[in-house]
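Student: The structure is given below, and queries will be raised subsequently.
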Amino acid sequence: MPPICPYCSTTFDAVDKLKTHIIAEHGAEPLPRPEGLIDLMVNGERYELQVEPNVTLYTVIHDRLGLTGVKMFCDRGACGSCTVIMNGRPVLSCMTLAIECDSATIETAEGIAAAKHPLIETYVKHHCMQCGYCTPGFVVTAKALLDRNPNPTEEEIREALSGNLCRCGTYPQHPKAVAEAAKLLQGGEGGTR
Amino acid sequence: MNKDDRERIIAPEHTLRADKYPLEDYSAIGRRGVRRKDGYEKATGYAVYTTDVQLPGQLMLRILTCPYPHARIKSMDTSKAAALPGVRALLRYDDPELPERADVSGHFGGGTEGHEPVLNRVGYWQGMPMAVAVAADTEDIANEALGLVEIDWEERPFNLDQEEALKPGAPLSNPESFPDGNFVIPAQQREAKVVWGNPDEGFKEADRIIEWRMRKDKENWVGPERPNGLFRWNGEYPEVWLKHQRPHLSKRQIARFFKIPVSQVTVHCLYQGGTFGGWSQMALNMQPNMIAGILSKRTGKPVKWQFTRREDFCGAGMDNARYQVKVGFKNDGVITAVAATSCFARKGFAHLGHFVENTRVHHLLQESNGAVLNIMPGSAFRCEQNMNALCLGAVLNRVAEALEMDPTEVALKNDGVEGRPMADLADLKRAHGFGGDRDSLKECIEVGKKAIEWGGKWHLPGTKRLPNGKLHGMGFTFTHEWSDSSGSGALGMRIERDDGSARILAQRCDNGCAAETAYCQIAADELGFRYEDVHYRQFEEAGFTTMTPDSSTNLTVNGYAIRNAARQLRQKILEIATTPRIPERPDMGYYPPFPDYKPEDLDIKDGVVYVKKDPSKRMTMAELVRPAFFMGKMDIGSTEPLFAWGWQNQQGAFMGTPGPRPIFVRQAHFVEVEVDPETGDIEVTKVVNANDVGKAVNPEGVEGQQYGGSVMGISRARAEDTIYCPATGVVLNGNLIDYKINTMLDCGPIDTIIIETGMGYGPYGSVGIGEDVATVLPSAYYAAVHNAIGAWVDMPTTPDRVLKALGRL
Ligand code: FES
Ligand code: FES
């Protein structure tokens, strides 16, 4: 059967000609995009992923992309340990459907580390981790804070991180690490954003 | 290894005295600012926890949980579930492969066989995993399959309250295992009633006697990484990933369960997302692993399981107890007798132990009546000394209140060991190898009071209202430091050929205390290496059995094992430095690196071996152990492999063990609060922890346990309570939205003070710190709330309880 245009039913003698026609005449992608296909830019890498509508962003990042920096603690949007930065804002990946994230740009703790953000070393220096399970979630939330507020007060840091739970009780250390990272960023020492 | 090290290892009673061989100089040990070995991995998310492990083709296992507090299955039809596409295997309670009862508990896994049915036909609490398990391609399919299981339930009467459950005529909570009644005695105890001295006499000696009732409600452990595991049957033998604090014991359990040699079981123990004892000690914690094992064997595929947060909330709680306390004391604050009866939900723990270990109070009567209930079983998490610490703190503060005395004075008056006042104990301290001159409690109290400005701020209860309208309170409590308990650690240490760095080979025993960092600090100083050149790489398989905190012991056991290994390794290094390597081929350059010296002529510092009398004769470790020559393209080692292993067997300190092992190191905590009389809200404005840890090997790690424990302690004391619906017996707040734990905004500044008297039994005079602050601090908070409002409020001190105590509700 000759290829037929799905929009205007014109027939062509070759598929390539049909494709050119659809782009030119109808301004559309020649092949319909399969349902559930999403594009994600994660830590600077582009991924094209087929996802079921009920799959969370957490599952995609953790189970499929193998980025263990997203951690599942509360399982229900209460703890912040699964936080990623999506299009510049911190979001809870356990409460976000992957299918709604098409074209999103996402950063995880691994990406923040790869970019040599000073937060990582200030976190190590100030012992912000004990069991460490909640730590990447804090790092991501803190990075999002510094992106929008490069010089936060202690109060602002505490406020920004108050949605992240740490059962080990590392809370007193985080403001010190975040403030020091902010200083390093401003002084131009200790890495780039 | 010298004679003393040897004795310490093979004769446990020798661990009843101070470390005789501290180092003269410390370099890495006690130094601030060493880079945490686990820091980068954990900050970046690269640290791998059991929950992160996935294997190709793995199936997901889900287990039915009991929807009722007490119910038996009359009949069960699993045919629809089994037929669901994607379901690969299903296990029922009546499966012929299941033993009638098996050891599926974690904590006492080394003990008795025949605890529980693996899949029970009867559920004894809402949320109990039971009856049927499904392994499917995805978790969703497994859940859907469980939804298709048709069950005809026989609901049974249930008990939610221990006092009700012990009344005559109460229904049986578990007629299968406890057919004679609901009464039980606490875990770790042989008798319900324990007497020290002569309580009647003690009360006769008293000038005054007071009595009261108090309670502590049930809290949950809330470990951030949910219980999970992965089981892969590799044809002949199992390979298991366990989130568990006692993986070595679980390994033996798995071997027994599947009737295979222990050496055929491979157990991987990775980082643990906060365990705090909790899950590892639950009654049924090996159940999902055994089921995963059976189904992995049947399907030939890896089987992974993971509880939901809600399921975890239904799994285990702690501290559900009521107390009736009677105290006799002199007008000067000296306590003459304490009699306290607890009524707890199984499984409870001792509640007057800290008076024995920690005070001069000679006459004690401890009675414990426990009940089996149809709520989640009790478990120990950070830690089972909660009841002991609460009773000591409450007695001390009630006596202070009755006498209108400063509670720190009452503490100092009653400080002691095994019923003897501290002042009498200088000889005993010396006999146990400690100097005998320092008074730990006095030091803790002095620095703590100063830090919180106790002198200017403490007042009689209920007497200070602040300009903001809030009621101001100051609280204090004390107890001893956890001087560890029994356990053994074994580990290896080797020198890498190429660069002469050292590597500790041991099962991962990380619980967040920076323990692995501390071990590297010890190894560095003992070897004479730079800290940066010593690494802890887990010997992933649970073969070397390093102690994890499950038995409250980490550094104090493993620290000795590290030291024993390092000292042997150091000796080996000095020997190869002075020994011809291949005596018959001196022509090939195999002369000793230090040909004219004996091992004792040499020393090692900063990873450089040198002649003591002539330090210019030196060789770095890398030079010493470098490959000697090339044969073809192959490096041939010029020294024997430099490997040593060490172990430590530790005698426990807790009651009932032969001893005595009197504990001389103390901790004191101070809490300042503001109570809003309109809302009942309590703000913690300051906390001070003063801990005599003997010797702080990793000071930042110690501080982490101080402020971390304070955060957890305040959280428990102020808010945490697992609530059951009285009508249905179902947990009402099994999630982190309704069960609130502290956030960053919930606690004011925490001052951490480290005191180092060297009076611990651990290496270099150290003691443990991980469990105690979270356990002890609630009593100081409890006292602070009382000091603010002038009335006692049971914990958790929820606003409704505060308002009731203020007569406003
Ligand atoms: S796991 Fe996503 S918020 Fe807790
Ligand atoms: S470090 Fe353990 S939960 Fe935060």
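Every number here is computed from the coordinates shown, using simple stated rules; none is lab data. Predicted model only: the values in this text are computed from it and were never measured. Every residue, glycine as well, gets a Cβ built from its backbone with ideal geometry; the counts of neighbours run over all protein chains shown.
Student: Could you work out Rg/(2.2 N^0.38 Å) for region B:440-531, with Rg from alpha carbons only?
Tutor: So the Cα radius of gyration is 1.90 times the expected 2.2 N^0.38 Å.
Student: Quote the charge dipole size of chain B about the Cα centre in Debye, to the nearest 20; the model charges only the Cβ of Lys and Arg (+1) and of Asp and Glu (-1).
Tutor: The calculated dipole for chain B is roughly 640 debye.
Student: Between B:Ala566, B:His432, B:Val675, whose Cα lies farthest towards the positive end of the dipole of chain B when Lys and Arg beta carbons carry +1 and Asp and Glu beta carbons carry -1, centred on the Cα centre?
Tutor: In chain B, that residue is B:Ala566.
Student: If I take R0 = 45 Å and measure r between the Cβ atoms of A:Glu25 and A:Arg89 in this structure, what FRET efficiency does the formula 1/(1 + (r/R0)^6) give, to the nearest 0.05?
Tutor: Efficiency for this residue pair is about 0.70.
Student: On to the next question. How many Å³ per residue does the convex hull of the Cα positions in region B:656-809 occupy?
Tutor: 157
Student: Right, here's the next one. Once the convex hull of the C-alpha atoms of region B:336-414 is built, how many Å³ does it hold per residue, rounded to a whole number?
Tutor: Given the Cα convex hull of region B:336-414, per-residue volume reads 96 Å³.
Student: Residues of B:700-709, mean number of Cβ from any other protein chain within 10 Å of their own Cβ, rounded to a whole number?
Tutor: Per residue, the number of nearby Cβ atoms from other chains is 4 on average.
Student: Per DSSP H run of at least 4 residues, take -39500 (n - 2.57); add these up for chain B, divide by its residues and hand me the 222 nm value, nearest 500 deg cm²/dmol.
Tutor: Estimated from H runs of four or more residues: -7500 deg cm²/dmol.
Student: Would you pull out the residues with amide H under 5 Å of B:His363's amide H, same chain only if 5 or more places away, H placed 1.01 Å from N?
Tutor: B:Val338
Student: If you don't mind, there's one more thing I want to ask. Using the Cα centre of region B:21-165 as the reference point, and only Cβ charges (+1 on K/R, -1 on D/E), how large is the resulting charge dipole? Debye, rounded to the nearest 20.
Tutor: 660
Student: Give the separation of the Cα centroids, region B:668-735 to region B:283-351, in Å.
Tutor: Result: 18 Å between the Cα centres.
Student: Right, something else. Mind pulling up the Rg/Rh value for the protein assembly as shown? Radius of gyration and Kirkwood radius, both on Cα.
Tutor: Expressed as Rg/Rh, it is 1.00.
Student: Then there's this: Averaged across A:78-85, how many Cβ atoms of other chains sit within 10 Å of each residue's Cβ atom?
Tutor: That average works out to 2.
Student: Along the charge dipole of chain B, pointing to its positive end and built from +1/-1 on Cβ of Lys, Arg, Asp and Glu, which listed residue (B:Gln272, B:Val702, B:Val802) has its Cα farthest out?
Tutor: So the residue we want is B:Gln272.
Student: Now for a different question. Extending each Cα 7 Å along its Cβ direction at B:Tyr26 and B:His459, get the distance between those two points in nm, one decimal.
Tutor: About 4.1 nm, to one decimal.
Student: Taking 60 Å as R0, compute the FRET efficiency from the Cβ-Cβ separation of B:Asp94 and A:Arg46 and round it to 0.05.
Tutor: 0.70
Student: Distance from the Cα centre of region A:71-133 to that of region B:370-443, in angstrom?
Tutor: 43
Student: One-quarter of the Cα convex hull surface for region B:387-501, in nm²?
Tutor: For region B:387-501, the mean projected area of the Cα convex hull comes to 13.8 nm².
Student: Also, I was wondering about something else. Taking the number of other C-beta atoms within 10 Å as the exposure measure, put B:Arg246, B:Arg309 in order starting with the fewest.
Tutor: Ascending number of Cβ neighbours within 10 Å: B:Arg309, B:Arg246.
Student: While we're on this one: Ignoring solvent entirely, what values of log10 I(q)/I(0) come out of the Debye formula for chain B at 0.09 Å⁻¹ when each Cα is a single scatterer?
Tutor: Taking Cα atoms of chain B as identical point scatterers yields -0.91.
Student: To the nearest 20 debye, what is the magnitude of the charge dipole of the protein assembly as shown about its Cα centre, counting +1 on the Cβ of each Lys and Arg and -1 on the Cβ of each Asp and Glu?
Tutor: Roughly 980 debye for the protein assembly as shown.
Student: A further question on this structure: How large is Rg over Rh for region A:37-185, taking Rg from the Cα atoms and Rh as the Kirkwood inverse mean of 1/r across Cα pairs?
Tutor: 0.96
Student: Can you give me the convex hull volume of the Cα atoms of region B:212-302, divided per residue and expressed in Å³?
Tutor: Convex hull of Cα atoms, per residue: 111 Å³.
Student: Can you give me the relative contact order of chain B as a percent, contacts being Cα pairs under 8 Å and 6 or more apart?
Tutor: 16
Student: When a footprinting reagent is the concern and you count Cβ atoms within 10 Å, what order do A:Leu31, B:Leu806, B:Leu777, B:Leu732 take, fewest first?
Tutor: Least to most surrounded, the residues fall as A:Leu31, B:Leu732, B:Leu806, B:Leu777.
Student: Here is a follow-up. Taking neighbour Cβ counts within 10 Å as the exposure measure, how do A:Glu48, B:Glu163 sort from fewest upward?
Tutor: A:Glu48, B:Glu163
Student: Hey, could you get me the Stokes-Einstein D for region A:120-174, Kirkwood radius over alpha-carbon pairs, 10 °C and 1.306 mPa s, rounded to whole µm² s⁻¹?
Tutor: 140
Student: Can I ask one more? With point charges of +1 on the Cβ of Lys and Arg and -1 on the Cβ of Asp and Glu, referenced to the Cα centre of region B:713-778, which listed residue (B:Pro778, B:Ile714, B:Val731) lies farthest in the positive direction of the dipole?
Tutor: Selected residue: B:Val731.
Student: A follow-up question, please. Using alpha carbons only, what's the Rg to Rh ratio of region B:765-809 with Rh from Kirkwood?
Tutor: Expressed as Rg/Rh, it is 1.20.
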